[in-house]
Amino acid sequence: MKKIIVAIDGFSSSGKSTMAKQLAAAVGYAYIDSGAMYRAITLYAMRHGFIRPDGSVDTAALCAALPDIRIEFRYVPEAAASHTFLNGEDVEREIRSLEVSSHVSPVAAVPEVRHALTAMMQQYGEAKGIVMDGRDIGTTVFPAAEMKVFVNASPEVRARRRYDELRAKGDEVDYEQVLANVQERDEIDRNRKESPLRQAPDALVLDNDNLTREEQSAWLLDTFRRIADE
Ligand code: DC
(Lines give C-alpha, C1' and ligand atoms only; values in the text may rest on other atoms or scores of the structure.)
Protein backbone atom coordinates (compact mmCIF):
# COMPACT_ATOMS: atom_id res chain seq x y z
CA MET A 1 0.00 0.00 0.00
CA LYS A 2 1.56 3.33 -1.00
CA LYS A 3 1.60 6.45 1.17
CA ILE A 4 -0.70 9.12 -0.17
CA ILE A 5 -2.06 12.59 0.58
CA VAL A 6 -5.77 12.82 1.33
CA ALA A 7 -7.33 16.26 0.77
CA ILE A 8 -10.83 16.81 2.17
CA ASP A 9 -12.45 20.13 1.26
CA GLY A 10 -15.87 21.55 1.85
CA PHE A 11 -17.98 24.22 3.49
CA SER A 12 -17.74 25.08 7.17
CA SER A 13 -19.29 22.53 9.55
CA SER A 14 -19.86 20.02 6.78
CA GLY A 15 -18.49 17.32 9.06
CA LYS A 16 -15.21 17.09 7.17
CA SER A 17 -12.99 17.41 10.24
CA THR A 18 -14.68 14.51 12.01
CA MET A 19 -14.35 12.40 8.88
CA ALA A 20 -10.75 13.41 8.27
CA LYS A 21 -9.79 12.71 11.89
CA GLN A 22 -11.41 9.29 11.85
CA LEU A 23 -9.80 8.30 8.57
CA ALA A 24 -6.37 9.42 9.78
CA ALA A 25 -6.74 7.39 12.98
CA ALA A 26 -7.98 4.33 11.09
CA VAL A 27 -5.08 4.26 8.65
CA GLY A 28 -2.32 5.61 10.93
CA TYR A 29 -1.88 8.93 9.10
CA ALA A 30 -1.30 12.38 10.61
CA TYR A 31 -4.33 14.67 10.57
CA ILE A 32 -3.94 18.38 9.87
CA ASP A 33 -6.86 20.75 10.43
CA SER A 34 -6.04 23.69 8.16
CA GLY A 35 -9.08 25.65 9.39
CA ALA A 36 -7.57 25.58 12.89
CA MET A 37 -4.49 27.32 11.50
CA TYR A 38 -6.61 30.13 10.01
CA ARG A 39 -8.54 30.31 13.28
CA ALA A 40 -5.33 30.58 15.34
CA ILE A 41 -4.07 33.49 13.22
CA THR A 42 -7.47 35.13 13.62
CA LEU A 43 -7.28 34.80 17.39
CA TYR A 44 -3.83 36.38 17.31
CA ALA A 45 -5.20 39.24 15.20
CA MET A 46 -8.11 39.77 17.61
CA ARG A 47 -5.85 39.82 20.64
CA HIS A 48 -3.48 42.30 19.04
CA GLY A 49 -6.15 44.73 17.90
CA PHE A 50 -5.72 43.94 14.20
CA ILE A 51 -9.48 43.51 13.76
CA ARG A 52 -11.12 46.91 13.63
CA PRO A 53 -14.46 47.62 15.34
CA ASP A 54 -16.19 47.39 11.94
CA GLY A 55 -14.78 43.87 11.49
CA SER A 56 -12.24 44.81 8.82
CA VAL A 57 -8.66 43.58 9.13
CA ASP A 58 -5.60 45.79 9.59
CA THR A 59 -3.79 43.85 6.87
CA ALA A 60 -0.50 45.76 7.11
CA ALA A 61 -0.18 45.16 10.86
CA LEU A 62 -1.16 41.51 10.53
CA CYS A 63 1.29 40.86 7.69
CA ALA A 64 4.09 42.51 9.67
CA ALA A 65 3.32 40.20 12.60
CA LEU A 66 3.22 36.97 10.55
CA PRO A 67 6.85 36.00 11.32
CA ASP A 68 6.00 36.15 15.05
CA ILE A 69 3.11 33.71 14.81
CA ARG A 70 3.90 30.10 15.52
CA ILE A 71 1.20 27.48 15.09
CA GLU A 72 1.67 23.86 16.06
CA PHE A 73 -0.41 20.77 16.68
CA ARG A 74 0.50 18.84 19.80
CA TYR A 75 -0.98 15.75 21.34
CA VAL A 76 -2.52 16.53 24.73
CA PRO A 77 -2.65 13.33 26.80
CA GLU A 78 -5.34 14.61 29.24
CA ALA A 79 -7.65 15.30 26.31
CA ALA A 80 -6.51 12.24 24.35
CA ALA A 81 -6.49 14.51 21.31
CA SER A 82 -4.28 16.76 19.26
CA HIS A 83 -4.74 20.46 20.07
CA THR A 84 -3.80 23.67 18.30
CA PHE A 85 -1.09 25.76 19.96
CA LEU A 86 -0.51 29.44 19.26
CA ASN A 87 2.96 30.57 20.30
CA GLY A 88 3.09 27.78 22.86
CA GLU A 89 -0.44 28.28 24.29
CA ASP A 90 -3.19 25.70 23.92
CA VAL A 91 -5.95 27.63 22.11
CA GLU A 92 -8.02 24.66 20.95
CA ARG A 93 -11.18 25.76 22.73
CA GLU A 94 -10.91 29.46 22.08
CA ILE A 95 -10.42 29.14 18.33
CA ARG A 96 -13.79 27.33 18.03
CA SER A 97 -15.79 30.21 19.56
CA LEU A 98 -18.40 32.06 17.55
CA GLU A 99 -16.34 35.23 17.94
CA VAL A 100 -13.36 33.70 16.16
CA SER A 101 -15.72 32.14 13.59
CA SER A 102 -17.16 35.55 12.81
CA HIS A 103 -13.74 37.08 12.06
CA VAL A 104 -11.92 34.20 10.40
CA SER A 105 -13.14 34.58 6.81
CA PRO A 106 -11.75 38.11 6.23
CA VAL A 107 -8.44 37.03 7.80
CA ALA A 108 -8.36 33.93 5.57
CA ALA A 109 -8.91 36.18 2.55
CA VAL A 110 -5.60 38.03 3.09
CA PRO A 111 -3.20 36.69 0.40
CA GLU A 112 -0.08 36.92 2.63
CA VAL A 113 -1.83 34.90 5.33
CA ARG A 114 -2.79 32.25 2.78
CA HIS A 115 0.73 32.09 1.34
CA ALA A 116 2.34 31.69 4.78
CA LEU A 117 -0.10 28.96 5.85
CA THR A 118 0.00 27.16 2.50
CA ALA A 119 3.80 26.90 2.73
CA MET A 120 3.49 25.50 6.26
CA MET A 121 0.88 22.95 5.12
CA GLN A 122 3.00 21.85 2.18
CA GLN A 123 5.84 21.12 4.59
CA TYR A 124 3.56 18.88 6.63
CA GLY A 125 2.80 16.95 3.46
CA GLU A 126 6.36 16.42 2.28
CA ALA A 127 6.56 12.85 3.57
CA LYS A 128 2.93 12.12 2.53
CA GLY A 129 0.87 9.96 4.87
CA ILE A 130 -1.43 12.82 5.88
CA VAL A 131 -5.09 13.68 5.84
CA MET A 132 -5.71 17.42 5.64
CA ASP A 133 -9.05 19.18 5.59
CA GLY A 134 -9.93 22.71 4.53
CA ARG A 135 -11.23 24.76 1.63
CA ASP A 136 -8.45 24.70 -0.94
CA ILE A 137 -6.39 21.64 -0.08
CA GLY A 138 -7.19 19.75 -3.29
CA THR A 139 -6.98 22.85 -5.48
CA THR A 140 -4.09 24.96 -4.14
CA VAL A 141 -2.22 23.29 -1.28
CA PHE A 142 -1.93 19.80 -2.77
CA PRO A 143 -3.21 19.90 -6.35
CA ALA A 144 -1.51 16.53 -6.93
CA ALA A 145 -3.08 14.81 -3.90
CA GLU A 146 -3.88 11.19 -4.74
CA MET A 147 -7.26 11.31 -3.00
CA LYS A 148 -9.50 14.38 -3.06
CA VAL A 149 -12.92 14.57 -1.49
CA PHE A 150 -15.35 17.47 -1.61
CA VAL A 151 -18.01 17.39 1.10
CA ASN A 152 -21.42 18.91 0.44
CA ALA A 153 -24.11 19.62 3.04
CA SER A 154 -26.89 22.22 3.24
CA PRO A 155 -26.34 25.40 5.32
CA GLU A 156 -29.19 24.40 7.67
CA VAL A 157 -27.73 20.98 8.44
CA ARG A 158 -24.30 22.50 8.97
CA ALA A 159 -25.63 25.28 11.23
CA ARG A 160 -27.53 22.73 13.33
CA ARG A 161 -24.32 20.73 13.73
CA ARG A 162 -22.27 23.76 14.80
CA TYR A 163 -25.08 24.94 17.11
CA ASP A 164 -25.24 21.54 18.84
CA GLU A 165 -21.43 21.54 19.29
CA LEU A 166 -21.38 25.04 20.78
CA ARG A 167 -24.33 24.31 23.08
CA ALA A 168 -22.74 21.07 24.24
CA LYS A 169 -19.73 23.14 25.28
CA GLY A 170 -22.02 25.48 27.23
CA ASP A 171 -21.88 28.42 24.80
CA GLU A 172 -25.06 30.52 24.85
CA VAL A 173 -25.75 30.93 21.14
CA ASP A 174 -28.95 30.86 19.16
CA TYR A 175 -29.54 28.84 16.02
CA GLU A 176 -30.35 31.82 13.78
CA GLN A 177 -27.09 33.51 14.76
CA VAL A 178 -25.11 30.37 13.93
CA LEU A 179 -26.95 29.93 10.60
CA ALA A 180 -26.22 33.55 9.66
CA ASN A 181 -22.53 33.00 10.44
CA VAL A 182 -22.40 29.81 8.34
CA GLN A 183 -24.04 31.58 5.38
CA GLU A 184 -21.82 34.62 5.67
CA ARG A 185 -18.67 32.50 5.76
CA ASP A 186 -19.83 30.45 2.75
CA GLU A 187 -20.26 33.68 0.84
CA ILE A 188 -16.82 35.07 1.70
CA ASP A 189 -15.01 31.72 1.30
CA ARG A 190 -16.59 31.14 -2.11
CA ASN A 191 -16.03 34.62 -3.47
CA ARG A 192 -12.62 35.68 -2.20
CA LYS A 193 -10.04 36.40 -4.90
CA GLU A 194 -7.24 34.31 -3.47
CA SER A 195 -7.83 30.58 -3.60
CA PRO A 196 -11.63 30.55 -3.18
CA LEU A 197 -13.50 27.50 -1.98
CA ARG A 198 -14.25 25.39 -5.01
CA GLN A 199 -14.40 21.79 -5.91
CA ALA A 200 -11.31 20.37 -7.64
CA PRO A 201 -12.33 18.85 -10.99
CA ASP A 202 -10.88 15.50 -9.92
CA ALA A 203 -12.48 15.48 -6.45
CA LEU A 204 -14.95 12.79 -5.41
CA VAL A 205 -18.12 14.39 -4.06
CA LEU A 206 -19.59 13.24 -0.77
CA ASP A 207 -23.09 14.55 -0.15
CA ASN A 208 -23.55 14.03 3.53
CA ASP A 209 -26.93 15.57 4.38
CA ASN A 210 -28.51 12.14 4.48
CA LEU A 211 -25.61 9.94 5.48
CA THR A 212 -24.87 8.76 9.00
CA ARG A 213 -21.36 9.14 10.38
CA GLU A 214 -20.87 5.39 10.04
CA GLU A 215 -21.85 5.45 6.37
CA GLN A 216 -19.47 8.32 5.69
CA SER A 217 -16.59 6.61 7.46
CA ALA A 218 -17.16 3.37 5.58
CA TRP A 219 -17.25 5.19 2.23
CA LEU A 220 -14.09 7.12 3.05
CA LEU A 221 -12.15 4.07 4.18
CA ASP A 222 -13.18 2.03 1.12
CA THR A 223 -12.18 4.88 -1.16
CA PHE A 224 -8.85 5.29 0.63
CA ARG A 225 -8.02 1.57 0.33
CA ARG A 226 -8.91 1.51 -3.33
CA ILE A 227 -6.66 4.49 -4.13
CA ALA A 228 -3.74 3.57 -1.85
CA ASP A 229 -3.74 0.01 -3.21
CA GLU A 230 -3.58 1.03 -6.86
O1 DC B 1 -13.09 24.60 8.67
P2 DC B 1 -13.23 25.78 9.61
O3 DC B 1 -14.63 26.29 9.75
O4 DC B 1 -12.58 25.54 10.93
O5 DC B 1 -12.39 26.95 8.89
C6 DC B 1 -12.31 28.23 9.44
C7 DC B 1 -12.17 29.27 8.34
O8 DC B 1 -10.87 29.19 7.75
C9 DC B 1 -13.16 29.20 7.23
O10 DC B 1 -14.20 30.16 7.39
C11 DC B 1 -12.37 29.50 5.99
C12 DC B 1 -10.95 29.40 6.37
N13 DC B 1 -10.21 28.33 5.69
C14 DC B 1 -9.66 28.61 4.48
O15 DC B 1 -9.88 29.68 3.96
N16 DC B 1 -8.89 27.68 3.84
C17 DC B 1 -8.66 26.49 4.40
N18 DC B 1 -7.89 25.60 3.79
C19 DC B 1 -9.25 26.18 5.66
C20 DC B 1 -10.03 27.12 6.28
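The values are calculated or read from the model by the stated rules, or taken from the named source; none is laboratory data. Quick caveat: nothing in here was measured; it's all calculated off a predicted structure. Ideal geometry is used to build each Cβ from the backbone, glycine not excepted, and the neighbour counts take in all protein chains shown. What goes into the accessible areas is simple: the full protein's heavy atoms, side chains included, and nothing from ligands, DNA or RNA. Shrake-Rupley method; radii C 1.70, N 1.55, O 1.52, S 1.80 Å.
Amide H contacts of ASN152: LEU206, ASP207, ASN208, each under 5 Å away and 5 or more positions distant or on a separate chain (H built 1.01 Å from N in the peptide plane; Pro and chain starts excluded). Computed from backbone phi, the HN-Hα couplings of segment 21-34 come to 4, 5, 4, 4, 5, 5, 10, x, 9, 7, 10, 10, 9, 5 Hz, rounded to whole numbers (Karplus: 6.51 cos²θ - 1.76 cosθ + 1.60, θ = phi - 60°; Gly and Pro given as x).
Kirkwood analysis of the chain, using all unique Cα-Cα pairs, places the hydrodynamic radius at 18.0 Å. With all protein chains present, how much of the accessible area of the chain (probe radius 1.4 Å) comes from carbon and sulfur, to the nearest whole percent? Of the solvent-accessible surface of the chain, carbon and sulfur hold 51 percent. Within the shell defined by Cβ-Cβ distances under 11 Å, the residues around TYR29 carry a net charge of +3, with Lys and Arg each +1 and Asp and Glu each -1. What is segment 143-230 by shape, rounded, prolate or oblate, if you read a ≥ b ≥ c off the alpha carbon gyration tensor as root eigenvalues and call it rounded for a/c under 1.5, prolate for a/b larger than b/c, and oblate otherwise? Taking the square roots of the gyration eigenvalues as a ≥ b ≥ c, segment 143-230 is oblate.
In order along segment 80-89, the Karplus-derived 3J(HN,Hα) couplings, from 6.51 cos²θ - 1.76 cosθ + 1.60 at θ = phi - 60°, round to 6, 7, 8, 10, 8, 10, 10, 6, x, 9 Hz, and Gly and Pro are given as x. Database remark: amide H of GLY134 closer than 5 angstrom to the amide H of ILE8, ASP9, GLY10 (H placed geometrically; neighbours at sequence offset of 5 or more, or on other chains; Pro and chain starts carry no H). Over segment 76-230, accessible surface divided per residue gives 50 Å², non-protein components excluded, 1.4 Å probe. Around the amide H of VAL76, modelled in the peptide plane, lie the amide H atoms of ALA81, SER82, HIS83, all under 5 Å away and 5 or more residues distant in sequence or on another chain. Looking at segment 1-133, send over the antiparallel percent of its DSSP beta bridges, to the nearest 5. Percent antiparallel among DSSP bridges in segment 1-133 is about 55.
A simple packing score, the average count of other Cβ atoms within 10 Å per residue, orders the peptides 104-110, 78-84 as 104-110, 78-84, with the highest score first.
Eigenvalues of the Cα gyration tensor times 5, then square-rooted: what semi-axes does that give for segment 6-135, in whole angstrom, largest first?
25, 15, 14
Rounded to the nearest whole Hz, the Karplus-based 3J(HN,Hα) values (6.51 cos²θ - 1.76 cosθ + 1.60, θ = phi - 60°) of segment 7-14 follow the sequence 10, 10, 10, x, 6, 4, 6, 8, with x at glycine and proline. Counting only protein heavy atoms and a 1.4 Å probe, segment 1-70 has 40 square angstrom of accessible area per residue. Of the peptides 55-67, 122-134, the ranking by mean beta-carbon count within 10 Å, highest at the top, reads 122-134, 55-67. Of all DSSP beta bridges located in segment 68-223, what percent are antiparallel, nearest 5? Restricted to segment 68-223, the bridges split so that about 65 percent are antiparallel. Determine which aspartates and glutamates satisfy two conditions relative to LYS3: a Cα distance under 14 Å, and not lying fewer than 8 residues away in the same chain. In chain and number order, the partners are GLU126, GLU146, ASP229, GLU230. A straight line joining the Cα centroids of segment 203-230 and segment 1-79 runs 23 Å.
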